[in-house]
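Just below is one structure, and these are the notes that go with it.
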Amino acid sequence: MKRQHLFPSLGIAICAWAAIVAPLSHAEPQAPVTITAVRLEVAHANRTARFIGKVKVTQTQAAGSFVLESDAVQVEYGGTGKGGAISRLEAQGNVVLSKPGNPPEMATGDKAVYTPAQRGQEAQLVLSGRSVTLSRGPSRLTGDRLVYSLKTQQATVTNSQGSVKATFVPQ
């Protein structure tokens, strides 16, 4: 009986990451997504799936791979959309989003929260923590909060402790 609930929940978690990966990397939304973790806990009654311990989410595409690594990832599903729709996704602890390439791209922080478009709100990704860093090759941008709109592809970086710091290196 529990096994029947596990597979739909796991599929929901994979679909959630595909929803993040495609807009951020201009990727192929149907490309395979692989998730590895030390443990997976599914609480179907609470509509959550939690990947714990050395979590690594990889989407392999023709243009390369997109990787998310963190200590834990929790997916909340069953929102206001279709049955099983993702309502929130949160990665916590040592969050690293990376896309190898030339130049490689990376975003780091302590926490990443993805909320899909719902009830008039657009989909967004918020990366936060002591040192949120965005890098593209040798260029870097640092603050303590990044808000990225998946609809407009606009990002806002702030630093509650002072100034946002940017270093741009011409390629």
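The values are calculated or read from the model by the stated rules, or taken from the named source; none is laboratory data. None of the values given here were measured: they were computed from a predicted structure. In this analysis, Cβ positions are derived from the backbone assuming ideal geometry, glycine residues included, and neighbour counts consider all displayed protein chains.
Select from region 121-136 the residues that are without any contact (Cβ under 8 Å) to a residue 60 or more places away in the chain and within 21 Å of residue 90 (Cα to Cα) and list them in ascending order.
Across region 121-136, the qualifying residues are 121, 122, 124, 126, 127, 128, 129, 130, 131, 132, 133, 134.
Pairs, please: C-beta under 7 Å, at least 6 apart or cross-chain, first residue touching a residue at least 40 places away in the same chain (Cβ under 8 Å) and under 16 Å from residue 96 (Cβ atoms) and in region 137-158, second among the aliphatic types (A, V, I, L, M) and assigned to a strand (DSSP E or B)?
148/125; 148/155
Being crowded, with 19+ Cβ neighbours inside 10 Å and either among the acidic types (Asp, Glu) or at pLDDT 85 or above (or both) narrows it down to one residue among 73, 67; which is it?
73
Among the residues in region 48-58, are any crowded, with 16+ Cβ neighbours inside 10 Å, modelled with pLDDT under 80 and in contact with a Ser or Thr (Cβ under 8 Å, 6 or more places away or on another chain)?
Looking through region 48-58, none of the residues is crowded, with 16+ Cβ neighbours inside 10 Å, modelled with pLDDT under 80 and in contact with a Ser or Thr (Cβ under 8 Å, 6 or more places away or on another chain).
Is there a residue in region 107-115 that is more than 15 Å from residue 69 (Cβ to Cβ), among the polar types (S, T, N, Q) and more than 14 Å from the chain's Cα centre (by Cα)?
No, there is no match, as no residue in region 107-115 is more than 15 Å from residue 69 (Cβ to Cβ), among the polar types (S, T, N, Q) and more than 14 Å from the chain's Cα centre (by Cα).
Answer yes or no as to whether residue 167 is exposed (fewer than 12 other Cβ atoms within 10 Å of the Cβ) and modelled with pLDDT under 85.
So residue 167 fails the test.
From the list 124, 153, 161, which residue is at positive phi and not small (Gly, Ala, Ser)?
The unique qualifying residue is 153.
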